[in-house]
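As structure tokens, the structure follows; a few thoughts come after it.
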Amino acid sequence: MNLIFTCGGTAGHINPAIAVANMMKERYPDANILFIGATGRMEEKLVPQAGYELKCLPGSGLSRGKNLAAIKKNLYAVKCVLSAVGACKKIYKEFKPDAVIGTGGYASFPALYAAQSMGIPTCVHESNALPGVTTKLAANKATRVLVAFEESVKHYKNPEKVEVVGMPVRREFIYTKRENARKELGLDSRPLVVSAFGSLGAKVMNETMAGLFALEQEAGFPYQHIHATGSFGWEWMPGLVKEKGVDLEAAKSIDMREYIYNMPTVMAAADVIISRAGASTCNEIGAAGIPSILIPSPNVTANHQEKNARVLSDRDAAVLVLETDCTPEKIFAEINGLLADDARRVNMKKTLHEMVRLDSTERICDIVEEISKR
């Protein structure tokens, strides 16, 4: 079996594809798997680290602006798409894929379009309730359209080929043992707080975390803290933390890094996680059953992150804090409140496991097998 996965831009698009690829490789050890992404994006790090071959093509997202700069960007994006479609067709003629699976990001559209034009079965997965641009463009000719939420089905012209499957997560998020994870990370008996706000990093949230570090230091580091700055934050956040009076070399309770590559291990060891509320992140939190403080990004289409977060917070499976209300003091208080309430955290874990679809990856693999036989 020859399979191509296409995704890109952020970990929220890439990790679901890796989860499905891993399970397909378990089912078919001799399967040939290739990823197609965009040059200069997060997939260049995550996909090779997962052990898969990656071919990157030039790409650019679209701008919704109407000024000259936006027009130029969109013209460049169209040029990239046309070039990438041709490149993908050449790849397919050599690789001979049985199916092409797209999980989002502008990098995946040329690969899906090229496959559809060549009669290769395609499968599109949309993680958010509202379809993204790539999904909208690719859905009409896709063999199957897979969605994470029931309410998403109404947004597609051909609901008969849409199936609700949830969000795929790697098995490690479900089965990694807390004791093993804490030992692997070298943690002491204090609780662990984890914070991450996307593979690129959110400036306002990194600024908030820098203030939180100072509060933790003042309190004598009551817990351990692993924080991922993202690629943008890594350039300037160490200087800001120093300005706040925190010496990261001396503060052994704080582990600040650009990206958390071993997130299943880190999450399994955590007592509380602070993050955005993208669909992929919410499902990973749900699979791991970790109490969380969700701070939705206000800069997303249709405010979908707040909708994701409210699904969890309405059942007390997570704490919701809007970015407009987010201060270091507020987050510090919420962390301490959760860590002091063992019963609440136990109930959060139970509710999360009731809400998440733990068999999502298996269901998607079943569908990939089905369309591959065509």
Original post:
Just wondering, is there one or more residues in segment 166-173 that are aliphatic (A, V, I, L, M), closer than 17 Å to MET263 by Cα and touching an Asp or Glu at 6+ places or on another chain (Cβ under 6 Å)?
Top reply: yes
**OP:** Considering only segment 348-371, state which residues are closer than 30 Å to MET1 by Cα and part of a helix (DSSP H, G or I).
**Re:** SER360, THR361, GLU362, ARG363, ILE364, CYS365, ASP366, ILE367, VAL368, GLU369, GLU370, ILE371
Original post:
Does segment 162-208 hold any residues that are free of Cβ contacts under 8 Å to residues at least 60 places away in the same chain, farther than 25 Å from GLU243 by Cβ and buried (at least 16 other Cβ atoms within 10 Å of the Cβ), and which are they?
Top reply: VAL162
**OP:** Under 7 Å between Cβ atoms, at least 6 apart or on separate chains: pull out the pairs that start in segment 360-374 with a residue that is within 13 Å of ARG144 (Cα to Cα) and end on any residue that is among the charged types (D, E, K, R) and buried (at least 21 other Cβ atoms within 10 Å of the Cβ).
**Re:** ILE367/ARG144; ILE371/ARG144
**OP:** Determine which member of the set SER372, SER275 is of a type in the set (Gly, Ala, Ser), buried (at least 19 other Cβ atoms within 10 Å of the Cβ) and within 22 Å of the chain's Cα centre (by Cα).
**Re:** SER275
Subject >> strands (runs of 3 or more DSSP E) fully within segment 217-323 counting 2 or more residues that are farther than 26 Å from GLY132 by Cα and charged (D, E, K, R) >> reply: 254-257
**OP:** Select from segment 1-36 the residues that are farther than 19 Å from GLN116 by Cβ and either of a type in the set (S, T, N, Q) or part of a loop (DSSP other than H, G, I, E, B) (or both) and list them in ascending order.
**Re:** MET1, GLY9, THR10, ASN15, ASN22, TYR28, PRO29, ASP30, ALA31, ASN32
**OP:** For segment 325-347, state whether one or more residues are under 23 Å from the mean Cα position of the chain (by Cα), over 16 Å from GLY211 (Cα atoms) and assigned to a helix (DSSP H, G or I).
**Re:** no
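Readers should treat all values here as calculations from the given coordinates under stated rules, not as data from a laboratory. Since we're looking at a predicted model, the values are computed, not measured. Cβ coordinates were reconstructed from backbone atoms using ideal geometry, including for glycine residues, and neighbour counts include every protein chain displayed.
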